[in-house]
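First up is the structure itself, then whatever we jot down about it.
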Amino acid sequence: MSIMTKAAGWGSIVVIITLIITLLKQIIAFVGFLTAAIKILIVLAFVLLIVGVGFMILRSFNQSRKSKS
């Protein structure tokens, strides 16, 4: 009976180690996903900023042309 108890004890330790490794892999994948999402948001913010500045320049250019006429 003691051999079965020792085998069950070692089996539980192996299962716990496997679960910890799986959890760490999932955490690393989640952090990678979050960093990719943050990078995409930063790029989109800069694109919107550049488009907004371009729109303001174009609008002021059109207003100055209309005021000169």
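Quick check on I3: is it under 34 Å from the mean Cα position of the chain (by Cα), assigned to a helix (DSSP H, G or I) and not polar (S, T, N, Q)? Judged against the criteria, I3 is not a match. Of the residues making up segment 22-44, those that are more than 15 Å from the chain's Cα centre (by Cα) and not hydroxyl-bearing (S, T, Y) number 3.
Residues considered: K25, K66, K39. Of these, the only one that is loosely packed, with under 10 Cβ neighbours inside 10 Å, part of a helix (DSSP H, G or I), without any contact (Cβ under 8 Å) to a residue 12 or more places away in the chain and out of contact with any Phe, Trp or Tyr (no Cβ under 9 Å at 6 or more places or on another chain) is K66.
Just one of the listed residues (I3, I38, I13) is modelled with pLDDT of 95 or more and either charged (D, E, K, R) or at negative phi (or both), and it is I38.
The values are calculated or read from the model by the stated rules, or taken from the named source; none is laboratory data. Nothing here was measured: the structure is a model prediction, and the numbers come from that model. As a convention, Cβ positions derive from the backbone with ideal geometry for all residues, glycine included, and neighbour counts pool all protein chains shown.
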